[in-house]
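Have a look at this one.
The values are calculated or read from the model by the stated rules, or taken from the named source; none is laboratory data. This structure is a prediction, so every number in the text was calculated from the model and none was measured. Cβ placement follows ideal geometry from the backbone for every residue including glycine, while neighbour counts extend to all protein chains displayed. Side chains included, ligands, DNA and RNA excluded: accessible areas come from the protein's heavy atoms. Shrake-Rupley method; radii C 1.70, N 1.55, O 1.52, S 1.80 Å.
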Amino acid sequence: MAISRFHTRCRAIAVFVMGALGCGGAAQVAQAATERPVWRHAAQAGWSMARPQTAPVRRMAPGTFVGGAFDTCAAPSVAAIASWWGSSEYHAAGIYLGGINRACPDGNLSADWVHKVSAQGWRLIPAYVGRQAPCVTAPSLSLMDPANAPAQGVSAADDAVARASALGIAPGSAIYFDLENYRHGNKGCTNTVLRYVDSWVRRLHSHGYLAGVYSSAGSGIADLAAAVGTSGLELPDALWIARWDENQTTADVVLPAGVWAQHQRIKQFAGGHKETHGPATIDVDGDYVDGPVAVVR
């Protein structure tokens, strides 16, 4: 489920049992806790600024999940994931739907897999790995084009919805865009990311889906938090925060308490490690969830 495991275990892209991947490096995390200048970039891009203390409450899926979760590279077998049900603290399972930068194959992922694991009781959280920021830290990825970012966001959303529908994941579900760690503080890069995300969100809404974004606390999440209140900019319904501090909570210093606070957050608190439950051992990341999940037909 990785783009790569370069340097500090920066990861992304594939199929996960409730999680997604990314890099919340220590330097970026420390920077995110102290810097709050990025909202000015949106003004330079032509959006008007008015920063309220809280974000509006957005549409929510028919169901949310609250509790522990994990993610891994490719979909485990039905038998393996069944052995984790009841023998672990995890009760949410996710799937990477695809995307141009997806590194792992489907594994066992199919419409039949989705229905069988849902019948076991697992809640599903879909993610999609489209084009990455022009200043992304990982090498050899397909990047957002600053001149065409809105159109690329629309194309990614259309593909994500088509793939979700084929798997039996219905409108009302949240789909999370996997935005890997990028160099924070680059104004042009931030503007491109915000324009892409704006189109991703609007297009998913037009299809009847909720729009989420996964990213590092020190880059994408910090930039989205700083953009709250930007007139004309459509922000995600939910955020997936990557900060590997081992704290199982969705509270984070980069997000004000009242923003994305209505069951609208997931946190990836731990990077890759192996766990065994029943007979099955899986290399996973750790997540804590209080956010929207999939609706399976």
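Could you check the stretch 187-209 and list, in sequence order, the residues that are open to solvent by 10 Å² or more (accessible area, probe 1.4 Å) and touching a Pro at 6+ places or on another chain (Cβ under 8 Å)? Working first, answer last.
Residues of the stretch 187-209 open to solvent by 10 Å² or more (accessible area, probe 1.4 Å): 187-188, 191, 195, 198-199, 202-203, 205-208.
Matches in the stretch 187-209: Gly188, Asn191, Arg195, Asp198, Ser199, His207, Gly208.
Still on this structure, please answer the following. Scan the stretch 278-295 residue by residue and report those that are surrounded by fewer than 18 Cβ atoms within 10 Å (Cβ to Cβ) and either aliphatic (A, V, I, L, M) or in contact (Cβ under 8 Å) with a residue 12 or more places away in the chain (or both).
Of everything in the stretch 278-295, those that are surrounded by fewer than 18 Cβ atoms within 10 Å (Cβ to Cβ) and either aliphatic (A, V, I, L, M) or in contact (Cβ under 8 Å) with a residue 12 or more places away in the chain (or both) turn out to be Gly278, Pro279, Ala280, Asp283.
Taking Ala217 and the conditions (1) closer than 16 Å to Asp178 by Cβ; (2) small (Gly, Ala, Ser); (3) open to solvent by 50 Å² or more (accessible area, probe 1.4 Å), which numbered condition does it fall short on, given that it satisfies the others?
Unmet condition: (3).
Further, regarding this structure: Kindly evaluate Ala162 against the criterion of being without any contact (Cβ under 8 Å) to a residue 12 or more places away in the chain and part of a loop (DSSP other than H, G, I, E, B). Walk me through how you get there before you give the answer.
Numbers: without any contact (Cβ under 8 Å) to a residue 12 or more places away in the chain: yes; part of a loop (DSSP other than H, G, I, E, B): no.
So Ala162 does not fit the description; no.
Still on this structure: Filter the stretch 177-200 for residues that are touching a Leu at 6+ places or on another chain (Cβ under 8 Å) and not in a helix (DSSP H, G or I) and give the result. Spell out how you get there, then give the answer.
Just the residues of the stretch 177-200 that are touching a Leu at 6+ places or on another chain (Cβ under 8 Å), to begin with: 178, 180, 193-194, 197-198.
Passing the criteria: Asp178, Glu180.
Continuing with the same structure: Hey, could you check the stretch 232-262 for residues that are small (Gly, Ala, Ser) and within 22 Å of Pro126 (Cβ to Cβ) and say which is surrounded by the most Cβ atoms within 10 Å (Cβ to Cβ)?
Going residue by residue through the stretch 232-262, those that are small (Gly, Ala, Ser) are 232, 238, 242, 251, 257-258, 261.
If we keep only those that are within 22 Å of Pro126 (Cβ to Cβ) too, we end up with 238, 242.
On the way: Ala238: 28, Ala242: 35.
Restricting to residues being small (Gly, Ala, Ser) and within 22 Å of Pro126 (Cβ to Cβ), the top hit is Ala242.
Rundown of residues vs (1) modelled with pLDDT under 90; (2) touching a His at 6+ places or on another chain (Cβ under 8 Å), yes/no style:
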{"position": "Ala26", "(1), (2)": "yes, no"}
{"position": "Gln31", "(1), (2)": "yes, yes"}
{"position": "Thr54", "(1), (2)": "yes, no"}
{"position": "Ala61", "(1), (2)": "yes, no"}
{"position": "Ser77", "(1), (2)": "no, no"}
{"position": "Ala80", "(1), (2)": "no, no"}
{"position": "Gly86", "(1), (2)": "yes, no"}
{"position": "Trp113", "(1), (2)": "no, no"}
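Another question, then. Looking at (1) more than 23 Å from Pro292 (Cβ to Cβ); (2) open to solvent by 30 Å² or more (accessible area, probe 1.4 Å), which is the one condition that is false for Ala166?
(1)
When you scan the stretch 201-297 for strands (runs of 3 or more DSSP E) that lie fully inside it, which ones turn up with 1 or more residues that are touching a His at 6+ places or on another chain (Cβ under 6 Å)? Reasoning before the result, please.
Details: elements: 210-216, 238-242, 265-277, 280-292.
Output list reads 280-292.
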